[in-house]
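Here the structure is laid out as structure tokens; the discussion comes afterwards.
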Amino acid sequence: MKLILDTANLNDIKYFNEYYPIVGVTTNPTILSKEGGDIVAHLKEIRNIIGPDKELHVQVTETKCEDMIAEAEAIVGLLGKNTFVKIPATDEGIKATKYLSAKGYGITMTAILSAAQAMIASNAGAAYVAPYVSRLENICDDGVAIVAEIQAIFDASGTSTEVLAASFKTVRQVLGVAMTGAGASTVGSEVMYKLLAHPTTDTSIAGFASDWKKAFGDVTLKSLIEKAGK
Ligand code: E4P
């Protein structure tokens, strides 16, 4: 399952882009509003950090089909290839998605809260659908089970639309989604850190270092190999 970073924080994007195997960045109007300032320059800086080959998902703020289309064209004009336009799953959004996907735009249909919405989005030509796992669980629904339903429908139909699950609060939710066969998940910085961090990994590494030092002092294995080769 591909991992995408769900933030517009430039320091986090620099860090995770350098160290983690992320394939892109997702934003939404709420995420961008946290950054403030010149948001056009900010989006260009995100593209600059991740480079032209990674995915950048940017959501329209318009609500009428024609306005969404014009905004989508402006977003892709600004940010170039591998930019996906996030469009909410409304009737206006579906109409815009039909038009834009036929023109070759990559559309991420967002604010997906049901498998039925995902099916319509896929039929409209969306490249991705973004079901909101935590928001479903906060209304007493089963977010991971709905992702599994969507994935089963996509597998049965053979559509090229991929699931890009979103709205995660826990590592367990991400793993649950990964087990459904979903193509991608977008994860905020806090959960992304927690996917890798483990206290027993830290104590294990500390144990290896201390045992090595007791036996060999500050000598490195590389220096011993080099010495043996002489
Ligand atoms: C994707 O980018 C979604 O907009 C985002 O994951 C929603 O997350 P939230 O429910 O934590 O706001």
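Are there any pairs with C-beta distances below 7 angstrom linking a residue in the stretch 48-69 that is charged (D, E, K, R) to a residue that is crowded, with 21+ Cβ neighbours inside 10 Å, with the two at least 6 apart or on different chains, and if so which?
Filtered contacts from the stretch 48-69: 54/24; 55/4; 55/24; 55/84; 62/68.
Before we move on, is residue 195 surrounded by 13 or more Cβ atoms within 10 Å (Cβ to Cβ) and touching a strand residue (DSSP E or B) at 6+ places or on another chain (Cβ under 9 Å)?
yes
Assess whether residue 120 counts as being under 28 Å from residue 73 (Cα atoms) and at pLDDT 95 or above.
yes
Hey, can you tell me all the residues within the stretch 123-139 that are in a loop (DSSP other than H, G, I, E, B) and away from the ligand (no atom under 11 Å from the Cβ)?
Correct list: 124, 125, 126, 127, 139.
May I ask you to verify whether residue 34 is within 13 Å of the ligand (Cβ to nearest atom) and within 12 Å of residue 8 (Cα to Cα)?
yes
Within the stretch 160-170, does at least one residue satisfy the condition of being acidic (Asp, Glu), surrounded by 14 or more Cβ atoms within 10 Å (Cβ to Cβ), closer than 18 Å to residue 86 by Cα and free of Cβ contacts under 8 Å to residues at least 60 places away in the same chain?
Yes: the stretch 160-170 contains one or more residues that are acidic (Asp, Glu), surrounded by 14 or more Cβ atoms within 10 Å (Cβ to Cβ), closer than 18 Å to residue 86 by Cα and free of Cβ contacts under 8 Å to residues at least 60 places away in the same chain.
Closer than 22 Å to residue 73 by Cα and assigned by TED's automatic domain parsing to the domain that holds residue 180: is that true of residue 109 in this structure?
Yes; evaluated as a whole, the condition is true for this residue.
Working only within the stretch 2-14, note down all residues that are surrounded by fewer than 16 Cβ atoms within 10 Å (Cβ to Cβ) and out of contact with any strand residue (DSSP E or B) (no Cβ under 6 Å at 6 or more places or on another chain).
10, 11, 14
Which of the residues spanning the stretch 99-112 are more than 11 Å from the ligand (Cβ to nearest atom) and among the hydrophobic types (A, V, I, L, M, F, W, C)?
100, 102, 107, 109
The values are calculated or read from the model by the stated rules, or taken from the named source; none is laboratory data. Here the structure is a predicted model, which means the values were calculated and not measured. Glycine gets a Cβ as well: all are built from the backbone with ideal geometry, and neighbour counts include every protein chain shown.
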